[in-house]
Structure formats: structure tokens, C-alpha cells
Amino acid sequence: MKPEEIERMRDEALAAFAAAGDLDALQEAKVAHTGGTSPLALANREIGALPPHAKADAGKRVGQARGAVNKALAARQAELEAERDARVLVEEAVDVTLPYDRVPAGARHPLTTMMERVADVFVSMGYEVAEGPEVEAEWFNFDALNFGPDHPARQMQDTFFVEGPKGDHGESGVVLRTHTSPVQARAMLDREPPVYIVCPGRVYRTDELDATHTPVFHQIELLAIDEGLTMADLKGTLDHMVQSLFGSDMKTRLRPNYFPFTEPSAEMDMLCYVCKGESVGNPDRPCRTCSSEGWIELGGCGMVNPRVLVACGVDPVKYSGFAFGFGIERMLMFRHNVEDMRDMVEGDVRFTRPFGMEI
Amino acid sequence: MRVPLSWLREYVDLPATETGRDVQAKLISAGLEVETVEQLGADLKGPLVVGQVLTIEELEGFKKPIRFCTVDVGTANGTGEPQEIVCGARNFAVGDKVVVVLPGAVLPGNFAIAARKTYGKTSHGMICSGDELGMGDDGSGGIIVLPPEVEVGTDAIELLQLVDEVLDIAVTPDRGYCLSLRGIAREAAIAYGLPLRDPALLDVPAPNAFGYPVQVGDPAGCDRFTARTVTGLDPEARSPIWLRRRLQKAGMRPISLAVDITNYVMLELGQPLHAYDRSRVQGAIGVRRAEQGEKLTTLDGVKRTLDAEDLVITDDRGPIGLAGVMGGANTEIDDTEGTTTEVVVEAAHFDAISIARTARRHKLASEASKRFERGVDPQAASAAAQRTVDLLVLLAGGTADAGVTEVIAPSAPHTITIPANHPDKVAGVDYGRETVVRRLQQVGCDVYGQDELIVTVPSWRPDLTDPNDLAEEVIRLEGYENLPSTLPKPPAGLGLTGRQRLHRRIGRALAGAGYVEALNYPFIGEHVFDQFGLAADDPKRKVVKLVNPLSDEEPALRTTLLPGLLGALRRNDGRGSHDLALFETGLVFHPQRELRVAGRLPVDRRPTDEEIASLTAALPFQPRHAAVVLAGAREQAGWWGKGRPADWADAVEAARILAREAGTELLVRSGQYGPWHPGRCAELAVLVDGTEKVIGYAGELHPGVLKTLGLAPRTCAMELDLDALEEASAGLPKGPKISTFPVATQDVALVVSREIPHADVEAALREGAGELLESIRLFDVYESEQLGEDKKSLAYALRFRATDRTLTVDEASAARDAAVALAAERTGAVLRGA
């Protein structure tokens, strides 16, 4: 067994590995050069038959050659595997821009989420959410709120009346609530003061549906009853609300008005959150959101009329309170540029989807 | 209330530079809702002059009659020659004084006037109508014919007071006194800190016994009645220009001198007046309640049947007027024949509630009733009568009769006692006693006392009844805009209730599953129940009905959410969206078994619990429901492969989503109900206190129903009672114990009769497997000829695990065998391949 012979076997093996272009070829080369019938394996087997003095030398040479071969094989193996892995990753590449609208997205109605958004401003302050029936006793909807039976304001709310025992003749004393304010009365009767609640809900008036009216709409009402509450507290609470919803530089403005259930009463406006009032008297920069008025009318508010406190079992000497309410549709319209009220009531998925889960 | 600024200035010396917008801002901050400021004549440019018609030549041969006129306009045209004008109107004659607009002028609406050829002539200007000048309706229906005494060449812009600003004020129901110039002037005077020239401060002769006889039979309904007589009226006298113009600017139409004067005084002082033709009144004027069924024809020509509560004015024959609302036709001033020469002027004060009821009962809201309902100053009645008399004398050449009738039911002025710091406490501002007293005096109150103020409210403010009313006066005059902003500190609240959180969770879960929320109107027509195929005695047919629905087609309130949701589905489909999944949560309304009237509880104390319960008993049940509808594809086809149509299983799964969110175990079983496909309808039930309660249905809708409703085939729906679902909630979930020992999985395929529900098989397997069973899942259902007719194969994966050890194969197999055995016993299931 000549040393040159062994070196040749080794070199042939190394050359075969290097020549193997892929893992399959390498496998073949591996069998050919490291397998049981490979020249080096056969040479190894022959060592036993050598005279003792040659054994050690030949064993060492063959061993070294096999070591080098195995090392080269492993290196080539790793090299080819890495190449293959890289190729597979390239081959597995996809077009990630493909759409996956297998199940189109759902959405909650923006009126629902708008009510939640407003309610949450107050819930985080410690207010609780109160609810009441939509078909309501006139006493709760009107009388308890200081709308006497012949009060002109009572006629101003275009009320749906519910049939009573005598059908459409005679009065049932039951109406579709015209505002969320009856929940105020219920809350005062149900709870011991202090009372801090918000009442979002659906209300009804006999308006035909058009771009700016709907007979079924939504309001949110706030009521606070405690010792020593003042109109300044009302103002601060309103300021806090518009700041929470529209930004920390927002504020409100109160204008005297009349509501039977509050005294003093006020109309509340918020600073236009778009132009911040800068469009007023500035024809170069007109504001569509507020019609360049600088203020956006929100709703009504005031100090709870002590007569309402009496009717609802609250001591007007010890307690005072404030309340306000406004329409959710209107807020949705100016906050989200909704131009037509009908879009909110028709349930068209193209309208609702973009609003997602929260607003 | 429309308030011409020029008229307002008569009572308050507003600074000359003050514009309508300035006054608007001041009045708004004082609490008057000034909606608009109308700029009359803002774009009007002369020359606009008085002319006298010299000649009229009728032009022939045109489609309508046309006149070629020459008009003397003095020197206004620069030449002094007659002005040649073509005119289409016919209500004037040679010699009449008219309003002529000359070339170079611009009329409202940016209408520039120039000499132009028309009808074969050249017209150098126009003879004007009221409309063309933006004057409003003058009742003439043609061009303006001026009184003969105006001079030719006079500037008509000034003569007709064409340039003015008019504030349009929406008066709130509490501020009746602001339905008058006097009231608005009072507010303007306070706002500007200027003195008011009160037009009601007139010298009025004392009442005497020889005035027109009046008998008030109902002093509670009429606490004041002044009657004055004016004789010798010139029936030819017309309202002067200034009077007509003020009425027009205030939004009223000039009618005849006597009527115009009463309207004018009403606008000025807020006191509704009535003028009777004395020759048509027989005997004493009376005030009483009508007799039930009594008849009266009012000025608007309507014959009315009176109610016993109606307050009427009478003479010997019976009713001659609906008190405070509208006069009767039988004593009307004659403004066409012009024969009225003697009038009786009525200035009375009527009970606000009585007038409100009568106006409502007869659906007759008049300028008078509007004012009486909101409160008229009773002390102004005699001044208003005097003012009317004065104007009749001045403008109609009449003579005031010396007789003055006044019937007055005595009443004490209203006083309110408040602590001097009450407005401070309401506002949260330290105004101080001095400010409070000064502000109250400004609104007309008499104020006495130091720490306790005794406040006598003025006669024109019947709305001031309570301490807070006085507080509001002080706070508004001090300026709402000056209120500080403070935050109260509520006690820590409990946050949202479980029910409220569930509603939000359900919305999110359904939206997360691809459903879009729709909020539908609750109005339905009962025909929908027939379309739904509901049984005649189905409780859903019992509806709450509206007395005054918007549409007679939909007079009832929903007992199910489906009509609204399916309507939205159809609307979307019609608009080109066909793959739809919609949901809604909302109230449905079920009438009480026995309808009751909700009584009118007292408001001067807390109602008792029984009284509140009586209201509750009159209200319908209003549970909250949740529903979904599906149509078209639930999963769309795409590059990933085929789509999948929405089917009954999606509808049932929607119910399961709700049950999961509610933490309630939902029982799903085969059912049949109303609009659902009888073979593809799941009945949904829950356990409430150990009793099963059906809370809804889910599945595919009946093909016949879909056809009737015009909906796509295979449309699916689910509806359930959310309140009942919540009621059955298990409450807080308990943390499960997690075993870390290995799982032993066993699959079984069972052959059962086709009609055996999976739920029964699974329940038997579950029970039979015992406590080692961790979970069970149906992973295949199939039918084949090999299995045999009416058979199906259900394949389940059972996972077993113990909490304390690794299960042996034998243990798992024994549990599986026990499961299969019980399924076999209960459902006749046979293990496949066994």
C-alpha cells in the first residue's frame, strides 16, 4: 500500500465532493468515496493483512486520509444545504400584496360608538350610565320634568302617543319618550343623592326623515345632584367634556334659554374645533363646520329646576344639581363630516364599515 | 317676533352707529334667541321717487294688456319732462300717485334699471309694486298706489322706509312679554344700560259707569276686561304708510285701518285687542264658558262647535268670539264695504291655560292665543285700549266716547322671598347683594329687605314664580359668559354595569365576526306577521300601537327585530351589496296583557312606590333583543380558492357567539318557528334556575317567506332575547385546573340514524366517557350508500387526560368504550368497523 496510492484516493474523494453540484450528487460521491466498498474503506480493511511493521504507518496514513475526506464531506454537505435552504426561501416567496378579504370586516354603528365615547368621558370621572324605557309614561317624560299638562313647551315636542285601553281614542298616558330626560327622573327616584349619571339612548319625535331630521334619534343626557352644585360646576363639566372629545384647547359658551326642567337654563355652544373661531369675520378663511359662526350649537343645559327635585323626591333645600343633553346625530355629523342624516338610519354597510369598532 | 330696528329705536336711544348685528349680539347674550338680522333694502339704490300718472295709453295686440304711461316725476329725472314708462299692471288710474324707479337705480335682487325697448316703446323706468321693492305683502296685488297727499318727486326710499334692519327673534315660552316691541325694548335698554321710554305709560281716564256694558261671568277665566268706544270713524280712511310699513316689517299684512291699528298696538304693547263693529253687537258684551255644542263661526270662516271649557265673548245672541283666540264673523269690522263707523275696542286678560286649551282644541293658533298662552301683562290692558282709541281718533277721524268700562277681578301682586345670596349660590359666583338688587330692579321688580329679599315681580313677568327664576335674571344680566369653570368631584362610581358591558362586548364580537351593525326604526305594519307565517295566536302579533304614526302602513312597534333588519338587507342588496351580514341589538315592545292608562301623578311630592308601580304596569314589556341576518357569500371566493355561501350554521354560530360573550350555556336543538325553514331552524334555549327557557331561533329562512319578502334565496337569520340570555349567565368564570400529564387521544366513528341530532350523540358520549374526558370534538359527518339509507356517520375526536397521572392505553380505551356504549344505548349508535 503505497502512500501515493492513499493520497490519490483522498484527492479523488475531495475532488468528487467539490464537483458535486447538489446534495444528491454529493450523496453519490459520499457512497463512492466513504461507503463500505470505497477505495479508502477497502484500503482500511487491507491494513490488517499487512506485516506488523507496515501496519502502523499504513493505519496512520489511511486514517488521516479518511479524516480529511470526512471533514471535506461535512463541509461540502453544509455548503450545499445552505445553498438549498437559500434557494427554497427564494422559491417560497409570495406576493404579499394579495388581498385577503375572505370574510369582509364588520363594524359597529357610529351612533352606538359615539354614545359610548361620550359616556366614557363621564364614566372615567365617576359618573354611572343609567337607562330607561323607550316607551315611557307621560308623567316621567313631561310632568315630573315640570312640563305641566298645558305647558306650551309640551306642545313643542312632537310626540308619538301610544294607544291605551280605548284604542286611538282617549289618552293612555304613554308616549315614545321625546328625550332622554325621563331617565333623570327615574335615576333620582331610584338613587340616593349624590347622583352622578349619564343616560345615552334612543328618542322619538314625529319628524319626517330628511337630510337633517329623523323621527328616531339619539341623545345623551347628564345629571348631577349633590350638595352645593353651581352653574360654574355645570360650565366646568361641559368644558371638560369638549376638551376630552375635541382637544385641550376647547371651551364652551352658555347662552340664556328656557327649558321647563332647568332654571336657570342655557343653550350650550362649543368652540368650533376646526377653525377655533378664527373664521369669524374672516371671509378669506370660511369654515364649513361652523358656517363661520365660530361656535357650534350643542344642546341645552341648566340647573335642575327645584320643582323637578321635589317631584322626584330630592330635598331642594339640601341639594342642587345640573343637567345637560344633546343629540348624538348632530355631533356625529360635525365631528365626522356626515352630511346626510339618512345615511345614519338606512343601514347601508358602505356607510357604517369605515367607522370600525370605536370612534 | 320680528323687530324692525327703526321701530325699536323709538323706545330706546340706541347709539346711532349700532347695527342690527350689534343689537343682535347684545340681545343674544341677554338670552333672546335672535335668529337672523334681515337687511331690508341693503342692495337698493335710487332714484326711486313719487310720480303722478299723467296719461295712460292702452297698447293693443299683445298677449296681455299693456299700458304706455307718462308720469310726472317732478325734477327727479333731471329734465322735468314727463317720464315715459311701459307698465303691465292695471290697478291705477290717471292722477294716481305711484312709485317710479328711474334708469340707473338698482332694485332688490340686484335688478338694475335702465331705459329699454319693450312692446314697441321705450320704457324709461318702472312703476313699482311692493314685491319689487322687497316690501312684503301689502294685500293690493299690484303696483303701489300712494295716498294723494304725497308730493311728486319725493324720495320713495325714505317715504316707504325701505331701508331697515329687522331682528327675527324666537321667543321662548317663558318670555311672553318679548312678543312685543315694549318687551324687546326693555331688554335692549337693560343690555345697553339706557333708559326705556315705556309705551304703556299713558294717561288713561278712570273707568266710569257709562262705558259699553260688559258682564264677566267667569272672573277666573277673564280677570280684566276693558271696553272703549270710538264713534264717527271715516270708513274711507286708510292706514298711513308708516303704519302699513311697520306691520309689513313685523310680518303682518295690512288689512283695514281699524284692524291694522289693533294689530299695531298688539305688536307694540303685547296686548291682543279686538275691535267690534258696534252696530253689529247686540246688547251687553259678556264673557262666559261656552255651552257644550254651542256654535260659532270665527273670522277665518270656520264654523266651530264649542266645548264647555272654551271661554267665549257673547252678546245677546250668543257667542261673538272665541275669547283670546279669534273673533267671530258676525261682529267683524267691515273692511270691504267700508261701512263701519263705530267700534268697541276690547282689551282683556284671559287665563293662559284656558286659552292654550281652546287654541289646541280647535287647532287654532293665532297671534292673540300665542300671546295669552305665554302670558300678557294684565296691567297694560287699559293703556293698550287707550293707545288704540288714540290712533283711531288720529287716523280715522273718530271721536273717543267718554265711557270707559273696566271690569277687574282683584289680585295681589306676586312676591318671592329669597336670601340675598341665592343667585350667588346658584351661579357659584360672588355677585353681592347690591348687584342682585340692581339687576332685579332692572327687570322691573320691586325689592325690599337686606339678607332676605322680598321681591315683587312686575306684571309683565308672570314667568317669575320661583327663587331660581330670579337667580336666572341676575345671572343672565351679569352674563353667562362670565361664569367661572369649576369641576365637581363625584364619588367613585362603579363603572359600567355587567349588562352594559355585555352590550358592548356583543357588538364588538359580532362586528369582529364580520357583522355590520344597523340601527333600524322600530315601526312595523302588522301585515309582516302574515308574511312571516306566524300563527294566529302567536304572541308576537300582540303589538303596541301608536295613535299618530308617521305612516299608516307602519302603525305599530316591533316585537321582533327581523322586519327592520331584513329591510336593511334588502336596501343594501338593491344598492349592489349582495354579500351581507348585519346585526342589531335593540328593544322590542310587548303590550301588557291588560292595557292600563298611566295616570298623572302629583308633582308636588315624591310619588309613592305604589304610584310608580302603577305607571310601570301601564308600560309595555321592553326586552332587549339581538338579531343577525345573512345573505350571499359568508366567505368570498378569491385567489385562495372557493368562497362559501352564508348558511344556517352561520346563523346558529352567531347565537353561540352571543352566548359565549354572555357566559351562558346555549342549548341548540331542532325547532320550527315562523319565518324559518322548517328543516333548518334551530331553537335556542337557556337554563334559568334549572328551567329551560326558549329565547330565540336561528337558521335559514323559509323559501316561501323569502320569496314574499323579495329576499335572496338561502337568506339566514338569528334572533334571541338578550335579557334572557344575560339572566342565564353563569356569572364570573372559574379558573380551570390545568393538568400537565400527557393527553390520550381516541377517535371514534359512530353510525346513527339520520334524524338523530349530533347534540344527543355528543351528550351521550360526554356522559359515558366520565371525568377523564377532557374534550370532545365532532370532526366529520358523512352519509353514503355503503352506510345504508337514513344513516349517517359521525366521527369524534375524544381527548382524555387525568389530573394526577399519565393514563394508560387501557384506561383511555375503557373510557372510550364506556362513551360508545352509552351512545349506543341512548341513540342506537354503532361503532363503525366494529
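Note on the stretch B:258-293: residues that are within 37 Å of the chain's Cα centre (by Cα) and on the phi > 0 side of the Ramachandran plot total 2.
Figure legend. Inter-residue proximity from the stretch A:222-248: first residues facing chain B (nearest Cβ under 10 Å) and without any contact (Cβ under 8 Å) to a residue 24 or more places away in the chain, second residues assigned to a helix (DSSP H, G or I) and buried (at least 24 other Cβ atoms within 10 Å of the Cβ), beta-carbon distance below 8 Å, spacing 6+ or different chains. Indicated pairs: A:Ala232/B:Ala427.
Name the single residue that is surrounded by the fewest Cβ atoms within 10 Å (Cβ to Cβ) among those in the stretch B:601-643 being among the aliphatic types (A, V, I, L, M) and touching a residue at least 40 places away in the same chain (Cβ under 8 Å). In this case the residue turns out to be B:Ala633. For the stretch B:483-528, the set of residues classified as of a type in the set (S, T, N, Q) and in contact with a helix residue (DSSP H, G or I) (Cβ under 7 Å, 6 or more places away or on another chain) consists of B:Ser485, B:Thr486, B:Asn520, listed by residue number. Of all residues in the stretch B:697-720, one or more are of a type in the set (Asp, Glu), away from every other protein chain (no Cβ under 14 Å), within 38 Å of the chain's Cα centre (by Cα) and not in a loop (DSSP other than H, G, I, E, B). I'd like to know if the stretch B:755-775 contains one or more residues that are surrounded by fewer than 17 Cβ atoms within 10 Å (Cβ to Cβ), assigned to a strand (DSSP E or B), in contact (Cβ under 8 Å) with a residue 24 or more places away in the chain and polar (S, T, N, Q). Within the stretch B:755-775, one or more residues are surrounded by fewer than 17 Cβ atoms within 10 Å (Cβ to Cβ), assigned to a strand (DSSP E or B), in contact (Cβ under 8 Å) with a residue 24 or more places away in the chain and polar (S, T, N, Q). If only residues of the stretch A:176-211 that are at pLDDT below 95 and aliphatic (A, V, I, L, M) are counted, the one that is nearest to A:Val308 (Cα to Cα) is A:Leu209. Filter the stretch B:345-367 down to residues that are facing chain A (nearest Cβ under 10 Å) and basic (Lys, Arg) and give me whichever is farthest from B:Asp310 (Cα to Cα). Ranking the qualifying residues of the stretch B:345-367, first place goes to B:Arg360. Is it the case, given these coordinates, that B:Ala649 is away from every other protein chain (no Cβ under 12 Å), surrounded by fewer than 18 Cβ atoms within 10 Å (Cβ to Cβ), more than 32 Å from the chain's Cα centre (by Cα) and of a type in the set (A, V, I, L, M, F, W, C)? So B:Ala649 passes the test.
Condition first: within 60 Å of the chain's Cα centre (by Cα) and not acidic (Asp, Glu). Now tell me which residues in the stretch A:18-35 satisfy that. Show your work before the answer.
To start, the set of residues in the stretch A:18-35 that are within 60 Å of the chain's Cα centre (by Cα) comprises A:18, A:20-27.
Selection gives A:Ala18, A:Ala20, A:Gly21, A:Leu23, A:Ala25, A:Leu26, A:Gln27.
Against the conditions (1) under 26 Å from B:Phe210 (Cβ atoms); (2) within 14 Å of chain A (Cβ to nearest Cβ), B:Gly321 satisfies every one except (2). Applying the selection to the stretch B:367-392, what residues are under 21 Å from B:Leu299 (Cβ atoms) and of a type in the set (Ser, Thr, Tyr)? Within the stretch B:367-392, B:Ser369, B:Thr388 qualify. You will find that of A:Phe324, A:Phe261, A:Phe334, the residue that is within 30 Å of B:Leu569 (Cα to Cα) and not β-branched (Val, Ile, Thr) is A:Phe334 and no other. Looking at A:Asp158, is it free of Cβ contacts under 8 Å to residues at least 24 places away in the same chain and either touching a strand residue (DSSP E or B) at 6+ places or on another chain (Cβ under 8 Å) or assigned to a loop (DSSP other than H, G, I, E, B) (or both)? No, not satisfied.
Could you tell me which of the residues B:Asp780, B:Asp817 is farther than 26 Å from B:Ala685 by Cα and among the acidic types (Asp, Glu)?
On the way: B:Asp780 fails: farther than 26 Å from B:Ala685 by Cα.
Sole residue among the options that is farther than 26 Å from B:Ala685 by Cα and among the acidic types (Asp, Glu): B:Asp817.
So, of the residues in the stretch B:547-585 that are without any contact (Cβ under 8 Å) to a residue 12 or more places away in the chain and on the phi < 0 side of the Ramachandran plot, which turns out to be surrounded by the most Cβ atoms within 10 Å (Cβ to Cβ)?
For the stretch B:547-585, the residue satisfying everything is B:Asn572.
Determine if the stretch B:61-80 includes at least one residue that is closer than 30 Å to B:Ala170 by Cβ, assigned to a strand (DSSP E or B) and touching a residue at least 60 places away in the same chain (Cβ under 8 Å).
Residues of the stretch B:61-80 that are closer than 30 Å to B:Ala170 by Cβ, as a first pass: none.
No, the stretch B:61-80 has no match at all.
A Cβ distance below 6 Å, combined with a sequence gap of six or more or placement on separate chains, defines the contacts here; from the stretch B:104-115, residues that are touching a residue at least 24 places away in the same chain (Cβ under 8 Å) reach residues that are outside any strand (DSSP E or B) and surrounded by 15 or more Cβ atoms within 10 Å (Cβ to Cβ) in the pairs B:Ala105/B:Gly46; B:Ala105/B:Pro47; B:Ala105/B:Ile113; B:Leu107/B:Glu132; B:Pro108/B:Leu44; B:Pro108/B:Gly134. Working only within the stretch B:496-533, note down all residues that are more than 7 Å from chain A (Cβ to nearest Cβ), in a strand (DSSP E or B) and either touching a Phe, Trp or Tyr at 6+ places or on another chain (Cβ under 7 Å) or under 21 Å from A:Leu111 (Cα atoms) (or both). If the condition is that a residue be more than 7 Å from chain A (Cβ to nearest Cβ), in a strand (DSSP E or B) and either touching a Phe, Trp or Tyr at 6+ places or on another chain (Cβ under 7 Å) or under 21 Å from A:Leu111 (Cα atoms) (or both), then B:Phe523 is the only one that fits.
Looking at the stretch B:139-181 only, could you name the residues that are assigned to a strand (DSSP E or B), within 14 Å of chain A (Cβ to nearest Cβ) and crowded, with 19+ Cβ neighbours inside 10 Å? Outline the logic, then answer.
The initial filter retains those residues of the stretch B:139-181 that are assigned to a strand (DSSP E or B), namely B:143, B:145-146, B:155, B:164-170.
Filter once more, so that each one left must be within 14 Å of chain A (Cβ to nearest Cβ): B:169-170.
Passing the criteria: only B:Ile169.
Restricting attention to the stretch A:249-275 and to residues that are charged (D, E, K, R) and facing chain B (nearest Cβ under 10 Å), the residue that is surrounded by the most Cβ atoms within 10 Å (Cβ to Cβ) turns out to be A:Glu263. Could you list all residues from the stretch B:473-495 that are surrounded by 20 or more Cβ atoms within 10 Å (Cβ to Cβ) and either more than 7 Å from chain A (Cβ to nearest Cβ) or in contact with an Asp or Glu (Cβ under 6 Å, 6 or more places away or on another chain) (or both)? Answer for the stretch B:473-495, where residues must be surrounded by 20 or more Cβ atoms within 10 Å (Cβ to Cβ) and either more than 7 Å from chain A (Cβ to nearest Cβ) or in contact with an Asp or Glu (Cβ under 6 Å, 6 or more places away or on another chain) (or both): B:Glu473, B:Val474, B:Leu477, B:Pro488. Sub-8 Å Cβ pairs linking a first residue in the stretch A:15-36 that is part of a loop (DSSP other than H, G, I, E, B) to a second residue that is surrounded by 12 or more Cβ atoms within 10 Å (Cβ to Cβ), at least 6 apart or interchain, are A:Ala20/A:Leu26; A:Ala20/A:Glu28; A:Ala20/A:Ala29; A:Ala20/A:Arg76; A:Ala20/A:Leu80; A:Asp22/A:Leu80; A:Asp22/A:Arg84; A:Gly35/A:Ala41, ordered by first then second residue. Scanning the stretch B:610-638 for residues that are touching a Gly at 6+ places or on another chain (Cβ under 8 Å), at the interface with chain A (Cβ under 7 Å from one of its Cβ atoms) and within 20 Å of A:Leu176 (Cβ to Cβ) yields a total of 2.
Results for (1) surrounded by fewer than 21 Cβ atoms within 10 Å (Cβ to Cβ); (2) more than 7 Å from chain B (Cβ to nearest Cβ); (3) more than 36 Å from the chain's Cα centre (by Cα), shown as yes or no for each residue.
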| residue | (1), (2), (3) |
| --- | --- |
| A:His109 | no, no, no |
| A:Arg117 | yes, yes, no |
| A:Val121 | yes, yes, no |
| A:Glu134 | no, no, no |
| A:Ala137 | no, no, yes |
| A:Leu145 | no, yes, yes |
| A:Gly148 | yes, yes, yes |
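Residues that are more than 9 Å from chain B (Cβ to nearest Cβ), assigned to a loop (DSSP other than H, G, I, E, B) and farther than 17 Å from A:Glu134 by Cβ within the stretch A:172-218 comprise A:Arg191, A:Glu192, A:Pro193, A:Asp210, A:Ala211, A:Thr212, A:His213, listed in sequence order.
The values are calculated or read from the model by the stated rules, or taken from the named source; none is laboratory data. Please read these numbers as outputs of a predicted model, since none were measured by experiment. Don't worry about glycine lacking a Cβ; one is built from the backbone with ideal geometry, like all the others, and counts go over all protein chains shown.
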